[in-house]
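What follows is one structure encoded as structure tokens, with my remarks underneath.
The values are calculated or read from the model by the stated rules, or taken from the named source; none is laboratory data. Keep in mind the model is a prediction, meaning the values are calculated, not measured. Backbone-built Cβ (ideal geometry, glycine too); neighbour counts: all protein chains shown.
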Amino acid sequence: MDSYFKRYHKESGWPPVCNPSSKQVEKDVKLEDFIPLRYSRVPGELAGGIQSRESSKSIGRDKGLDKDILGTFLKWSVGALEDETGRRAYPSAGQLYSNELFIAVKEVAHLQPGLYKYHANEHALTFVNGNNDVTDALVQESIEYNFCVIVAADLTYAVDQYGERGYRFCLMEAGHMVQNMQLVAVSLNKAIVPIGGFVDEYLNSSVLPGEADLSTLYLVPVGRKMDDV
Ligand SMILES: Cc1cc2nc3c(=O)[nH]c(=O)nc-3n(C[C@H](O)[C@H](O)[C@H](O)COP(=O)(O)O)c2cc1C
């Protein structure tokens, strides 16, 4: 029998079962109850980066996207920091880094198409298999990509360390990773979207390597904005 978190993960697979009528209506807040806040720009490029972050709903392929751009994207979104601490660009409970990163490469100059695993400490890829097409897992149209990041959790490892709370930590860690990916992709003038609605079973059994007990949490296709000329 699967443990509770594994059953929960399966239960929350695609399609979602929801009951819209149960949605809580937000209580009205009276205008006089608001305490207005002021703000100024934060130093450096951060404010501009956050302002530009967006999820693209229509993505195509970018002929100019090469291995160095992929490397830059991975380094600054999910890579190891340029120091000796072993820390990365995103926080991780207990510095465990329970989530793994796979890159489905369709069209990246100087890199063969296929599925790769990213190793943050080495800032390197290893070839996994030829499965570079995640489109059968998508439940929406207009999404192509040069590469698509698959954020997958090793739930057993996470839960060995923290009990079932490790499941939460994987989801939280994925959010941190993908926020960075969006900020970096947009600063590289690439289109990106975080996709949480996908067919789990297809990815876990037909794309990711079979021997690993991995559960996909997020798909993150990267390419060209379709309204760019
Ligand atoms: C957990 C999560 C799941 C999401 N899943 C999808 C998805 O399946 N497909 C999609 O097109 N966008 C998805 N999005 C992106 C949202 O639609 C997007 O963030 C929202 O429309 C706000 O737009 P913005 O990110 O440009 O500010 C997801 C975002 C989050 C945080």
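The test for being among the hydroxyl-bearing types (S, T, Y), more than 26 Å from the chain's Cα centre (by Cα) and at pLDDT 90 or above does not hold for S55. Count of the stretch 204-229 residues, restricted to those that are part of a strand (DSSP E or B) and among the hydroxyl-bearing types (S, T, Y), is 3. Filter the stretch 66-88 for residues that are surrounded by 19 or more Cβ atoms within 10 Å (Cβ to Cβ), within 16 Å of the chain's Cα centre (by Cα) and in contact (Cβ under 8 Å) with a residue 60 or more places away in the chain and give the result. Within the stretch 66-88, L70, F73, S77, V78 meet the criteria. Look at the stretch 143-158: where a residue is surrounded by 24 or more Cβ atoms within 10 Å (Cβ to Cβ) and a partner is in a strand (DSSP E or B) and of a type in the set (D, E), sitting 6+ places away or on another chain with Cβ atoms under 7 Å, you get A152/E100.
Residues of the stretch 34-65 that are loosely packed, with under 14 Cβ neighbours inside 10 Å and aliphatic (A, V, I, L, M): I35, L37, V42, L46, A47, I50. Taking the numbered list (1) surrounded by fewer than 17 Cβ atoms within 10 Å (Cβ to Cβ); (2) away from the ligand (no atom under 13 Å from the Cβ); (3) not in a strand (DSSP E or B) in turn, G166 passes all entries but (1).
Of R53, R41, R61, all but one fail to be farther than 29 Å from C170 by Cβ and either touching a Gly at 6+ places or on another chain (Cβ under 6 Å) or within 16 Å of the ligand (Cβ to nearest atom) (or both); the exception is R61. Exactly one of these conditions fails for G44: (1) closer than 30 Å to M226 by Cα; (2) at pLDDT 95 or above. Give me its number. G44 satisfies all of (1) closer than 30 Å to M226 by Cα; (2) at pLDDT 95 or above except (2). Here is the figure for the stretch 28-51: residues that are of a type outside the set (A, V, I, L, M, F, W, C), under 30 Å from W76 (Cα atoms) and either part of a helix (DSSP H, G or I) or in contact with a His (Cβ under 9 Å, 6 or more places away or on another chain) (or both) total 3. Taking residues in the stretch 119-138 that are free of Cβ contacts under 8 Å to residues at least 60 places away in the same chain and buried (at least 17 other Cβ atoms within 10 Å of the Cβ), and partners anywhere that are outside any loop (DSSP other than H, G, I, E, B) and basic (K, R), the pairs with Cβ atoms closer than 7 Å and at least 6 places apart or on different chains are A120/R88; L125/K117.
The set of residues from the stretch 112-141 being out of contact with any Cys (no Cβ under 7 Å at 6 or more places or on another chain), of a type in the set (A, V, I, L, M), within 16 Å of the ligand (Cβ to nearest atom) and in a loop (DSSP other than H, G, I, E, B) comprises just one member, V139. Checked against (1) polar (S, T, N, Q); (2) away from the ligand (no atom under 12 Å from the Cβ); (3) in a loop (DSSP other than H, G, I, E, B), Q161 passes all but a single condition, namely (3). Count of the stretch 177-229 residues, restricted to those that are away from the ligand (no atom under 16 Å from the Cβ), surrounded by 14 or more Cβ atoms within 10 Å (Cβ to Cβ) and among the hydroxyl-bearing types (S, T, Y), is 1.
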